[in-house]
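Quick notes on the structure that follows.
The values are calculated or read from the model by the stated rules, or taken from the named source; none is laboratory data. Note that the coordinates shown come from a computational prediction; the quantities given were computed from them, not determined experimentally. Please note: Cβ atoms are built from the backbone with ideal geometry, for glycine as well, and neighbour counts cover all protein chains shown.
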Amino acid sequence: MRTRTSLPVLGLTAGLASLVLLSGCGGGGGQAATPNSEEAQRAMQELIDPYLGQPSDFPITEPLESPVPEGTQIAYVDNGNALVSLMYQLMLPAAEELGAELYVVRAGTSASGVQSAFSTVVQQEPDAVINTAIDPALWDNQREQLVDAGIPIVSLGTVADPASGLVQPNGSAAFELQGRLQAAWLVANHDEAVDAVFYEHTEIAYGAAVKEGFESQLEESCPGCTVRVVQIPIAEVGNQAPERIVSDLQSHPDTDAVVFQSSAVATGLPSKLAVAGMDDIEIVGANPLPTNLQYLKDGQSTVELGTDLNTLAWTAVDTAARLIIGQEPQENVIDGEALVHQFLRPEDIAFDPTQGFSGYPDVGDRFQELWDQ
């Protein structure tokens, strides 16, 4: 692997637990690396600066015009994925504060299980539905039935067409930005072109948007950089993924940086990398879980693009409330840009990693002020 010139080498980041399988490599094969232009590095530094040391702006500022009706029920479909289940737990305090009942409908990971769960929701006729990261293509018929029944659907982490009737607070725009920021980090922190690997889950609806953002930004700002895209089945997260990653990196020794679509896939990775003698690889993760944050705090990863899931959970409940009472959501929600990001480095983990990253620890108070008008 080529020696990097700007970033310190940090212990293998098991914490970028998201998507890591590594496939084709773009190594330099002993050739001199291409220098990155100072102009490009400055531009990319300006792009990431607003996300260093502080979170991006709080997403919701407009008051809720009226309370939700007494007895309001909001259905949440949970397919058992760790992130999906976590989001439900984060939404419960928001729903309680709002005065609504948020209840869960269990679904398996199979298409038939998802369809069955959403069919149950259609029959229940709740006041609104919240979905997290379950591809709408898997429940398209039920989506149409819900829309026809006038039941609002808030969908997180999906990239459906606006004509679908879904309101997506963190849609294509937010995920394309994630990819662009990850690419900008690499260019801003490297004096030479980078050979990167990007790990994705094709089963996750937003994956294509992240990849598009990463590839396009890297191509624009670093013509000498290369990236190979490797898919990791979501079923391997939490079990086989670390072995896949290590094997891939061993097959592509010129890889400079590992980029995760989602860091959940890196669970257990640091120890595997250490055993393989590969704990000098740079890792740029995203959407870290508490385990990933602990890895980062321990110096076992380079950087995580943190997503404030707690604020997103409250935003989802807030969006459902507005749709229920007939109030138009904010423009950034409609545009899919209502997501709080912050780059997290080891020195930024001054909080308890087990509690997850929260850019706005007072999120409940902020929404309470908006709801008590």
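Summary of values
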read-out	value
Of all residues in region 147-167 being assigned to a loop (DSSP other than H, G, I, E, B) and under 14 Å from the mean Cα position of the chain (by Cα), the one that is nearest to ASP318 (Cα to Cα)	GLY157
Test set (1) aliphatic (A, V, I, L, M); (2) modelled with pLDDT of 95 or more; (3) assigned to a helix (DSSP H, G or I); (4) crowded, with 24+ Cβ neighbours inside 10 Å - VAL258 fails condition number	(3)
Positions within region 88-121 being assigned to a helix (DSSP H, G or I) and not aliphatic (A, V, I, L, M), in sequence order	TYR88, GLN89, PRO93, GLU96, GLU97, SER112, GLY113, GLN115, SER116, PHE118, SER119, THR120
Residues of region 204-231 satisfying the condition of being in a helix (DSSP H, G or I) and either of a type in the set (Val, Ile, Thr) or crowded, with 20+ Cβ neighbours inside 10 Å (or both)	GLY207, ALA209, VAL210, LYS211, GLY213, PHE214, GLN217, LEU218, SER221
All positions within region 316-363 that are small (Gly, Ala, Ser) and surrounded by 16 or more Cβ atoms within 10 Å (Cβ to Cβ)	ALA316, ALA320, ALA321, GLY336, ALA338, GLY356, SER358, GLY359
Set ALA94, ALA43, ALA107, ALA128: member being surrounded by fewer than 18 Cβ atoms within 10 Å (Cβ to Cβ), hydrophobic (A, V, I, L, M, F, W, C), in contact with a helix residue (DSSP H, G or I) (Cβ under 8 Å, 6 or more places away or on another chain) and under 30 Å from LEU305 (Cβ atoms)	ALA43
Subset of region 296-314 (residues that are of a type in the set (Ser, Thr, Tyr) and within 15 Å of the chain's Cα centre (by Cα))	THR307, THR311
Checking VAL197 against (1) β-branched (Val, Ile, Thr); (2) surrounded by fewer than 23 Cβ atoms within 10 Å (Cβ to Cβ); (3) at pLDDT 95 or above, the condition it does not meet	(2)
LEU309 being among the aliphatic types (A, V, I, L, M), crowded, with 18+ Cβ neighbours inside 10 Å and closer than 22 Å to LEU186 by Cα	no
Residue, farthest from ASP78 (Cα to Cα), within region 145-159, restricted to residues that are touching a helix residue (DSSP H, G or I) at 6+ places or on another chain (Cβ under 9 Å) and surrounded by fewer than 20 Cβ atoms within 10 Å (Cβ to Cβ)	ALA149
Lone qualifier among SER85, SER56 - being touching a strand residue (DSSP E or B) at 6+ places or on another chain (Cβ under 9 Å), surrounded by fewer than 22 Cβ atoms within 10 Å (Cβ to Cβ) and assigned to a helix (DSSP H, G or I)	SER85
Matching residues, region 297-336, being outside any helix (DSSP H, G or I), out of contact with any Phe, Trp or Tyr (no Cβ under 8 Å at 6 or more places or on another chain) and closer than 20 Å to GLY285 by Cα	ASP298, GLY299, GLN300, THR302
Region 74-104, residues that are of a type outside the set (A, V, I, L, M, F, W, C) and closer than 19 Å to TRP139 by Cβ	TYR76, ASP78, ASN79, GLY80, ASN81, SER85, TYR88, TYR103
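Conditions (1) under 26 Å from the mean Cα position of the chain (by Cα); (2) at pLDDT below 95; (3) of a type in the set (Lys, Arg), marked per residue:
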{"position": "THR72", "(1), (2), (3)": "no, no, no"}
{"position": "MET87", "(1), (2), (3)": "yes, yes, no"}
{"position": "ALA95", "(1), (2), (3)": "yes, no, no"}
{"position": "ALA100", "(1), (2), (3)": "no, no, no"}
{"position": "SER110", "(1), (2), (3)": "yes, yes, no"}
{"position": "GLN124", "(1), (2), (3)": "no, no, no"}
{"position": "ASP127", "(1), (2), (3)": "no, no, no"}
{"position": "ASP140", "(1), (2), (3)": "yes, no, no"}
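Every residue, every condition in (1) more than 23 Å from ASP308 (Cβ to Cβ); (2) among the basic types (Lys, Arg), yes or no:
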position: GLY157; (1), (2): no, no
position: SER164; (1), (2): yes, no
position: ARG180; (1), (2): no, yes
position: ALA183; (1), (2): no, no
position: HIS190; (1), (2): yes, no
position: GLU200; (1), (2): no, no
position: ALA205; (1), (2): no, no
position: PHE214; (1), (2): no, no
position: LEU218; (1), (2): yes, no
